[in-house]
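The values are calculated or read from the model by the stated rules, or taken from the named source; none is laboratory data. Predicted, not measured: the structure shown is a model, and the values here were computed from it. Counting neighbours? That spans all protein chains shown, and the Cβs are built from the backbone with ideal geometry, glycine included.
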């Protein structure tokens, strides 16, 4: 399924006009609509992202890379995407403090996921030094 | 794609119609009913949005290899 950039831009423009109209009547529904459109655009993009990710996995497997590392990197990218999405929605609703907490949670979880990789790097370095 | 774009117009339509019904009910002096109509409209749209976000999270989980 290929998606034109024009389609996405058109969707965004139409949604913006509808949100502007709806905001005068019901601000909460306008906010829900903007969340909906954001999720919709993300949903279209995820198919394209899947192509890139499949390519990355293929390259990694052809280079005989350890599968754990690739999986960790993919998870980190996924966490970054989700945290960004949530933080932007929250910031749109005017809750900047909550948005920065979501971003903080994303950073901490990424750090936790990176622990095994960092451990491996440090062990390698220590091995080099003791030689 | 067309289905999802239809949902955008559905949400806009529900919003405008709910606003109209609310105005009419308020003119009739039934403020509590107007409140209920607003709440129900909000819940219906929230259900649509929640379904789509659930879809999105499932897709993300699938693409980025979360179990």
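Residues checked against (1) under 15 Å from residue B:7 (Cα atoms); (2) assigned to a helix (DSSP H, G or I); (3) within 21 Å of the chain's Cα centre (by Cα):
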position	(1), (2), (3)
A:12	yes, yes, yes
A:24	no, yes, no
A:30	yes, yes, no
A:36	yes, yes, yes
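Just the residues that are surrounded by 14 or more Cβ atoms within 10 Å (Cβ to Cβ) and within 11 Å of chain A (Cβ to nearest Cβ), please, taken from region B:22-36.
Across region B:22-36, the qualifying residue is only B:22.
Give me a count of the residues in region A:11-23 that are more than 9 Å from every other protein chain (Cβ to nearest Cβ) and modelled with pLDDT under 90.
1
If you check residue B:65 against the conditions, is it outside any helix (DSSP H, G or I), out of contact with any strand residue (DSSP E or B) (no Cβ under 8 Å at 6 or more places or on another chain) and within 8 Å of another protein chain (Cβ to nearest Cβ)?
yes
Go through region A:97-131 and give me each residue that's surrounded by 10 or more Cβ atoms within 10 Å (Cβ to Cβ) and either touching a residue at least 40 places away in the same chain (Cβ under 8 Å) or outside any helix (DSSP H, G or I) (or both).
A:113, A:114, A:116, A:117
Listed here are the residues, each with its yes/no results for (1) over 14 Å from residue A:104 (Cα atoms); (2) surrounded by fewer than 16 Cβ atoms within 10 Å (Cβ to Cβ); (3) at pLDDT 90 or above.
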| residue | (1), (2), (3) |
| --- | --- |
| A:53 | yes, no, no |
| A:62 | yes, yes, yes |
| A:68 | yes, yes, no |
| A:82 | no, no, no |
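Give just the number: which of (1) within 30 Å of residue B:44 (Cα to Cα); (2) assigned to a helix (DSSP H, G or I); (3) without any contact (Cβ under 8 Å) to a residue 24 or more places away in the chain does residue A:94 not satisfy?
Result: residue A:94 fails condition (2) only.
Loosely packed, with under 15 Cβ neighbours inside 10 Å, within 11 Å of chain B (Cβ to nearest Cβ) and under 20 Å from residue B:62 (Cβ atoms): is that true of residue A:47 in this structure?
yes
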